[in-house]
Structure formats: C-alpha cells, structure tokens
Amino acid sequence: MAPNTYTLQIPSTSTVQKPTPHTVYNITITLPLQTITLQKRYSDFLSLHSQLTSQAGSPPPISPPPKTYLPSFFGGSTKSNPTLIETRRRGLEAYLQTLSSKNTHSRWRETSAWRAFLNLPSTHGNNTSTYSRGTAAHGSQSSTTEASLASDPALWLDTQREVKTLLQEARKHVFSARNTTSSPANSHEENAEAKKLLVRASGMISMLERGLKSAGDEWGARERLGDGEMRRRKDLMAQARKEKDDLEGLLSKIGTRQNVEAVVEKLTSTQSNGDPSNTATVGGGGGGGGGGGIVAARPSKGRVLGKETAKTRELDNTGVLQLQQQMMREQDEDVDVLTAAVTRQRELATQINEELTYQEGLFNVVEEDVDRLNGKINVARKRVAKIS
C-alpha cells in the first residue's frame with residue numbers, strides 16, 4: 001500500500017466568538033508544494049466519523065475522543081477547561097493521522113466525505129486517481145462511479161478538472177504528431193497516445209453528463225445547486241465535448257496525411273529503383289547482338305518555372321508538387337484549429353452578451369423601483385408640507 005502524499009497535524013486550537021463562543025482545531029495539511037490550514041469544530045469530526053462509517057460500510061479503526069456530558073461548572077466544557085481542549089486536540093490529531101497512515105486501509109480515504117472534510121482534490125484523496133483506472137470502460141465499476149458523481153457535487157468538479165487535464169495532454173500529443181520534423185515512428189507513437197487519452201476523456205465526459213442529468217434527484221437540499229451553476233456545468237460539458245471532437249477530427253486528418261505520405265514515398269522509391277526509363281545503355285552492340293554496354297544514368301528533367309528556395313533546391317517537379325500539397329494540407333489543418341478557436345470565442349461572446357442583457361434588465365427593474373420610490377417620497381413631502 002503506497003504512502004500518501006500529504007501529512008496531517010493539529011498543532012493548535014483557537015476560540016471563535018461568533019455566532020457563539022466555541023473552540024476550533026487548526027488542521028495543517030502539508031502537501032508536496034504547499035501547506036494548507038483548516039479550522040474544524042469538534043462536531044465536524046463527529047460528523048466525519050459518521051459519514052466515513054456510512055460510505056465505507058464499516059467504522060474506521062479509531063474513533064474521535066468521546067463527548068463530555070459533565071456540566072460546564074464541573075469542567076465539562078472546552079470553553080472553561082484548557083486541559084480538556086488539549087486532551088481532545090491530541091485525540092483528534094491521532095484520529096486523523098491514523099486514518100491517513102499507510103498502515104490503514106485506504107477505503108476510508110477514498111470516500112468523498114474524507115476529501116470534502118480536508119478540501120482535497122481527487123488526486124490527493126487516495127494514492128491513485130479514482131478516474132485513471134479505466135472505470136469508464138467497465139460496467140459495474142462505471143455504474144458505481146456514476147452513482148458517486150450523482151451524489152457528490154465536489155467529486156463531479158474533480159472529475160471535470162481531470163477531463164480538462166486529459167484534453168490538454170491529448171492536444172500536446174496531437175501537435176507533436178503534426179510536427180513534420182519528427183520521425184514516422186515518433187509521429188505514430190504520439191498519434192496512438194493521443195487516441196488513448198481521447199478515449200478516456202470521452203468515457204469520462206459521458207459519465208459526467210449522466211451524473212449531471214441525475215444530480216437534481218440525488219444531491220440533497222443542503223448541496224443542491226442553483227440554476228446558474230447547473231447551466232455553467234452543462235456549458236463546461238458542451239465545451240469539453242466540442243474540444244474532444246475537434247481533436248479527434250484533427251487526429252483523423254493527421255492519420256490520413258501520414259498514410260498518403262507513406263504511399264507516395266513507397267511509389268517514389270519503387271520508381272527510382274526499378275524504372276528502366278531512368279537509365280540508358282551506352283556503347284552496347286546494336287541490333288540483336290549481345291554484348292553488355294555501360295549503363296549510365298539519364299539526367300533528370302529540371303524545373304521550368306519557380307524561384308529556388310532551401311527546401312526546393314534539391315527537388316524535381318514531382319518533389320515540388322508533393323511539397324506544395326503537404327504545405328496546403330498543413331495550412332488547412334491550421335485553419336481548422338483556428339476555426340475551432342474562433343467558434344469557442346464566439347460562443348463565449350454570445351454567453352457574455354446574454355448575461356449583459358440579463359443584467360441590463362435587472363438594472364431597468366431597479367431604475368423603475370427607484371423612480372417609484374422617488375414618487376412616493378415626493379408625495380410624502382407634500383403631505384408633510386401640508387401638515388406643517
């Protein structure tokens with residue numbers, strides 16, 4: 001069982017006066033690149049323990065310090081008993097460190113309650129990402145993941161961020177495959193890696209869409225999202241699917257281009273090695289007589305038109321034509337990428353325009369209310385003037 005990439009400590013406590021005086025425990029989370037501090041009440045730990053037991057199917061191997069039922073004037077309240085505060089702090093610290101230890105089973109750390117309590121993303125909630133195991137391609141595991149997505153809004157956002165990372169990695173591999181300076185073997189490897197990432201992203205996008213569709217029924221009233229947040233998440237899914245489709249289309253064009261180039265290279269090699277019209281016999285016997293003559297290469301035809309460049313200086317007419325065709329294909333692909341980017345910008349501009357229109361309507365309503373209020377104030381002033 002691999003160790004976690006973070007450590008937990010409760011070095012101190014604090015007293016908060018609002019809404020009522022109570023003690024909070026300062027949790028320090030040490031990550032590889034940063035340190036996070038959280039403040040939790042004792043009741044939060046009790047709620048965590050209950051949720052871990054419910055989600056993991058069994059209670060953790062350690063329990064939080066028990067409640068104290070003595071009245072406050074007997075020292076049963078943490079507000080008036082520093083010794084009780086220190087004892088409870090040590091017990092809660094041991095509770096967190098036992099659950100995060102490599103010697104403790106990871107099923108409690110893999111629950112959404114644990115990640116939500118510590119504000120951890122999915123990549124730190126357990127030793128491996130919940131979504132990088134290929135669960136989208138397997139029936140029972142996929143159903144379990146979809147149920148988790150539908151029941152946990154924070155888990156849904158963690159998955160969406162991982163989809164974004166997969167698409168970014170796929171985009172890097174796609175542009176590496178387009179690089180004409182790379183060898184055919186490297187280009188094929190980049191192409192295959194991009195396809196794997198896009199397949200994983202496609203499965204996770206489908207899971208997110210299904211989880212979002214059933215989220216309204218599964219998420220409780222306390223965690224229910226507003227209409228604006230639901231629209232935002234649907235827009236995120238639409239943008240992710242569109243980006244995935246654009247990358248798949250570009251990848252298909254790259255594969256077609258590579259196949260064409262391979263065929264052209266094979267034909268060119270065949271013609272240069274086996275075409276008898278490229279050679280001429282010099283000094284051989286005439287007629288039907290034998291006698292082997294000297295085989296000399298026939299000079300190739302030069303180009304008729306065109307300005308010399310570093311790329312075309314060593315090419316004949318056929319090579320220049322192939323080079324031009326390749327450049328045109330690359331330009332077409334660049335135009336496709338630019339078109340996709342412009343389309344996304346247009347969609348964002350449309351959403352911004354809709355939001356501005358909505359805000360303008362709200363301002364108009366406020367302006368009408370202000371005018372109506374001014375009218376009432378004027379009437380009140382007139383009445384006051386009559387009375388006085």
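Report the residues of region 331-352 in range of a label on Glu360: point 7 Å along Cα→C-beta, backbone N strictly under 17 Å from it.
So the set is 349-352.
Ranked from the most accessible area to the least, with a 1.4 Å probe and all protein chains present, what is the order of Ile377, Ile352?
Ranking Ile377, Ile352 by accessible area, largest first, yields Ile352, Ile377.
Test of understanding: what is the full-extension gain from Leu157 to Val379, defined as 0.36 nm times their sequence separation minus their Cα-Cα distance?
74.6 nm
How much accessible surface does Lys242 have with a 1.4 Å probe, in Å² rounded to 10?
Around 60 Å² of this residue is reachable by solvent.
Not counting ligands, DNA or RNA, and with a 1.4 Å probe, what is Ser252's accessible surface area in Å² rounded to the nearest 10?
Rounded to the nearest 10, the figure is 70 Å².
Give me the dipole magnitude in Debye, nearest 20, for region 342-388 about the Cα centre, with unit charges on the beta carbon: positive for Lys and Arg, negative for Asp and Glu.
Roughly 580 debye, rounded to the nearest 20.
Enter the accessible area of Met230 (Å², nearest 10), with the probe set to 1.4 Å and all protein chains included.
Near enough 40 Å² of accessible area.
Counting only the backbone N, which residues of region 195-215 are under 13 Å from the spot 7 Å out from the Cα of Asp235 toward its beta-carbon?
none
For Asp369, Asp332, what's the largest-to-smallest order of accessible area, 1.4 Å probe?
The ranking, largest first, comes out as Asp332, Asp369.
Sort Val163, Val337 by heavy-atom solvent-accessible area, probe 1.4 angstrom, most to least.
Val337, Val163
The values are calculated or read from the model by the stated rules, or taken from the named source; none is laboratory data. From a predicted model like this one, the values you see are computed outputs, not experimental measurements. Methodologically, a virtual Cβ is constructed for each residue, glycine included, from the backbone with ideal geometry; neighbour enumeration extends over all protein chains shown. Heavy atoms of the whole protein, side chains included, go into the accessibility calculation; ligands, DNA and RNA do not. Shrake-Rupley method; radii C 1.70, N 1.55, O 1.52, S 1.80 Å.
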